[in-house]
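Presented below is the structure to which this report refers.
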Amino acid sequence: MLSNVYGLVVCLNVVLLSTVQSASNDTNSSTIDQSTVSNPSGYGFEMIMAKLDYLQYKLLEMDFVMKEHSEGIEQNQAHLEKVFGSMLWAISRLDQAIGNNLTALQAQSWKILSRQTICANHELMRNEIFSLQPKQGLSASARTLFDLQGMRHKGPFESCQDEPSKMSGKYLIRATNDVEPFPAYCEQTKFGGGWLVIQHRFKGSLDFFRNWTEYRDGFGSIDQEFWIGLERLHQLTTSKPYQLMIEVEDFAGDYRYARYKEFEIGSEAEMYSLKKLGVYSGTGGDSLTYHKGQKFTTMDRDNDGAPTNCAVTCEGAWWYNNCHHSNLNGRFMNAVDVKSISWYHFKSSHQGMAYTRMMIREL
């Protein structure tokens with residue numbers, strides 16, 4: 001636009017110059033007045049000069065506007081350059097972060113793959129080890145080492161009855177395919193074998209005065225004193241029908257047993273109640289039927305029928321009624337006391353027991 005204005009001004013200057021020159025040439029003729037040539041004037045000349053002045057004003061005005069636009073463009077360009085620089089920095093940081101994350105992800109993937117390979121190899125090795133049997137003629141120390149390394153910790157089996165060697169010891173048992181296998185002790189010699197031990201006490205080294213969570217999950221060591229856990233008992237006894245065997249022995253060495261044809265424990269929502277207890281047989285007397293249908297009670301979960309918490313009173317945990325005829329999770333003590341490990345119908349008293357073992361087996 002500015003170039004067009006400059007062109008118009010040039011054209012008008014040319015027209016004005018031509019007019020003046022024409023007037024000057026006519027001076028030689030007799031038809032033009034000398035005063036007109038020497039002092040050009042008139043409406044036409046004034047109009048031309050006025051247009052030139054206007055055009056010069058517009059030219060200056062447009063020049064000012066163009067400068068403002070140019071400054072605005074420079075500012076916008078500077079701002080865009082700054083924004084573009086920030087975007088480049090952000091993109092470089094993002095690219096760096098993505099690269100780092102990809103590197104970390106790749107490293108983690110390799111680590112996971114490596115662990116999976118190790119686990120797979122470990123499983124193969126475990127199966128190979130478990131397939132081995134202790135060799136005849138091994139020394140006592142070698143057999144001890146063999147046991148400590150878990151060589152006899154085989155399985156998993158659906159039950160102790162399915163264990164093929166029929167040797168008492170530690171095995172992996174899986175009640176159903178829906179649950180993880182767990183280590184258990186199988187009694188394979190007494191009462192025809194195939195028994196899974198769920199409680200064992202014989203020296204008083206383990207404190208059984210514990211809370212609900214511990215009785216739910218289990219505690220102790222399966223080849224020492226222990227409690228298998230109420231949740232596991234529930235899973236086992238609801239997956240198939242079981243019977244119960246209880247062994248007791250006093251401090252004088254008098255041994256008795258009690259056998260119940262049926263045994264089932266409810267869920268935690270049912271407070272692990274003693275839902276089923278079959279017909280009794282044995283030599284120790286029936287000290288458990290009194291507790292049939294009762295919910296399990298611990299020091300911090302009072303579910304018994306007494307005004308006070310029987311677990312606190314008897315310092316144990318059991319399917320207490322009001323309060324008990326049996327207290328196999330009581331205190332290990334050689335005394336006639338409701339707090340002791342007792343089986344009331346053994347000697348018609350709460351005489352403390354030196355040995356107890358609870359076992360279950362499928363019917």
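The values are calculated or read from the model by the stated rules, or taken from the named source; none is laboratory data. Quick caveat, the model's predicted, so the values are computed rather than measured. When we count neighbours, we look across all protein chains shown, and the Cβ atoms used for this are built from the backbone with ideal geometry, even at glycine. These accessible areas exclude ligands, DNA and RNA; they are computed on the full protein's heavy atoms, side chains included. Shrake-Rupley method; radii C 1.70, N 1.55, O 1.52, S 1.80 Å.
Of the numbered conditions (1) open to solvent by less than 80 Å² (accessible area, probe 1.4 Å); (2) modelled with pLDDT of 80 or more, A107 fails exactly one; give the number of that condition.
Condition (2) is where A107 drops out.
Give S70, S86 a once-over and let me know the one that is at pLDDT 75 or above, in a helix (DSSP H, G or I), among the polar types (S, T, N, Q) and under 60 Å from the mean Cα position of the chain (by Cα).
That would be S86, the only listed residue that is at pLDDT 75 or above, in a helix (DSSP H, G or I), among the polar types (S, T, N, Q) and under 60 Å from the mean Cα position of the chain (by Cα).
Please list, ordered by first then second residue, the pairs with beta carbon atoms under 7 Å, 6 or more apart or interchain, first in the range 285-312 and at negative phi and among the β-branched types (V, I, T), second open to solvent by less than 40 Å² (accessible area, probe 1.4 Å) and not in a helix (DSSP H, G or I).
Every condition considered, the pairs that remain are T289/L277; T297/N303; T297/D304; T297/N309; T297/A317; T297/W318; T297/Y320; T298/A317.
Could you tell me whether the range 258-274 includes any residue that is assigned to a helix (DSSP H, G or I) and open to solvent by less than 70 Å² (accessible area, probe 1.4 Å)? Walk me through it before giving the result.
So the first thing to find is which residues in the range 258-274 are assigned to a helix (DSSP H, G or I), and the list is 268-270.
Subset that is open to solvent by less than 70 Å² (accessible area, probe 1.4 Å): 268.
Yes, because at least one residue in the range 258-274 is assigned to a helix (DSSP H, G or I) and open to solvent by less than 70 Å² (accessible area, probe 1.4 Å).
I'd like the residue in the range 319-342 that is open to solvent by 10 Å² or more (accessible area, probe 1.4 Å) and not in a loop (DSSP other than H, G, I, E, B) and, out of all such residues, is farthest from R256 (Cα to Cα).
Initially, the range 319-342 is screened for residues open to solvent by 10 Å² or more (accessible area, probe 1.4 Å), giving 321-325, 331-339.
Cutting the leftovers down to not in a loop (DSSP other than H, G, I, E, B) gives us 331, 336.
Numbers: R331: 19, V336: 18 Å.
For the range 319-342, the residue satisfying everything is R331.
Identify the single condition in (1) open to solvent by 100 Å² or more (accessible area, probe 1.4 Å); (2) acidic (D, E); (3) closer than 30 Å to H200 by Cβ; (4) at pLDDT below 55 that D147 does not satisfy, given that it satisfies every other one.
(1)
Which of the residues spanning the range 282-313 are of a type in the set (S, T, N, Q) and in a helix (DSSP H, G or I)? Before you say what the answer is, go through the steps one by one.
Within the range 282-313, the subset of a type in the set (S, T, N, Q) is 283, 287, 289, 294, 297-298, 303, 308-309, 313.
Correct list: T289, T313.
Answer with yes or no whether G278 is in contact with a helix residue (DSSP H, G or I) (Cβ under 9 Å, 6 or more places away or on another chain) and buried (at least 18 other Cβ atoms within 10 Å of the Cβ).
Details: in contact with a helix residue (DSSP H, G or I) (Cβ under 9 Å, 6 or more places away or on another chain): no; buried (at least 18 other Cβ atoms within 10 Å of the Cβ): yes.
Considered against the rule, which asks whether it is in contact with a helix residue (DSSP H, G or I) (Cβ under 9 Å, 6 or more places away or on another chain) and buried (at least 18 other Cβ atoms within 10 Å of the Cβ), G278 comes out as no.
Are any of the residues in the range 353-363 part of a loop (DSSP other than H, G, I, E, B) and not aliphatic (A, V, I, L, M)? Break it down stepwise before answering.
So in the range 353-363, the residues part of a loop (DSSP other than H, G, I, E, B) come out as 363.
This time we only want the ones that are not aliphatic (A, V, I, L, M), so: none.
No, because not a single residue in the range 353-363 is part of a loop (DSSP other than H, G, I, E, B) and not aliphatic (A, V, I, L, M).
Identify all residues within the range 56-80 that are touching a Leu at 6+ places or on another chain (Cβ under 9 Å) and open to solvent by 100 Å² or more (accessible area, probe 1.4 Å); write none if there are none. So that I can check it myself, show each step before the final result.
Let us first name the residues in the range 56-80 that are touching a Leu at 6+ places or on another chain (Cβ under 9 Å), namely 59, 62-63, 66.
Selection gives M66 alone.
Kindly establish whether G316 is part of a loop (DSSP other than H, G, I, E, B), open to solvent by less than 40 Å² (accessible area, probe 1.4 Å) and not aromatic (F, W, Y).
On the way: part of a loop (DSSP other than H, G, I, E, B): yes; open to solvent by less than 40 Å² (accessible area, probe 1.4 Å): yes; not aromatic (F, W, Y): yes.
Yes.
Scan the range 202-228 and report the pairs whose first residue is modelled with pLDDT under 95 and whose second residue is open to solvent by 30 Å² or more (accessible area, probe 1.4 Å) and of a type in the set (S, T, Y), with Cβ atoms within less than 7 Å and a gap of 6+ or a chain change.
These pairs meet every condition: I222/Y185; D223/Y185.
Quick check on the range 191-198. Is at least one of its residues surrounded by 16 or more Cβ atoms within 10 Å (Cβ to Cβ), modelled with pLDDT under 95 and either within 27 Å of the chain's Cα centre (by Cα) or of a type in the set (V, I, T) (or both)? Break it down into steps so the answer makes sense when it comes.
Taking the range 191-198 first, the residues surrounded by 16 or more Cβ atoms within 10 Å (Cβ to Cβ) are 193-198.
The next check asks that each one be modelled with pLDDT under 95; those that pass are none.
No, the range 191-198 has no match at all.
Please determine, by comparing only the residues of the range 219-248 that are among the acidic types (D, E) and open to solvent by less than 60 Å² (accessible area, probe 1.4 Å), which one is farthest from M358 (Cα to Cα). Give the steps one after another, and end with the answer.
Filtering the range 219-248 for residues among the acidic types (D, E) gives 223, 225, 231, 247.
Adding the requirement that they be open to solvent by less than 60 Å² (accessible area, probe 1.4 Å) leaves 225, 231, 247.
Numbers: E225: 11, E231: 16, E247: 6 Å.
So the residue we want is E231.
List every residue pair whose Cβ atoms lie under 8 Å apart, where the two residues are 6 or more positions apart in sequence or sit on different chains, the first residue falls within the range 157-182 and is within 19 Å of H234 (Cα to Cα) and open to solvent by 40 Å² or more (accessible area, probe 1.4 Å), and the second residue, located anywhere, is of a type in the set (F, W, Y) and not in a loop (DSSP other than H, G, I, E, B).
Close Cβ pairs (under 8 Å, with a partner that is of a type in the set (F, W, Y) and not in a loop (DSSP other than H, G, I, E, B)) amount to F157/Y171; R174/F157; R174/F182.
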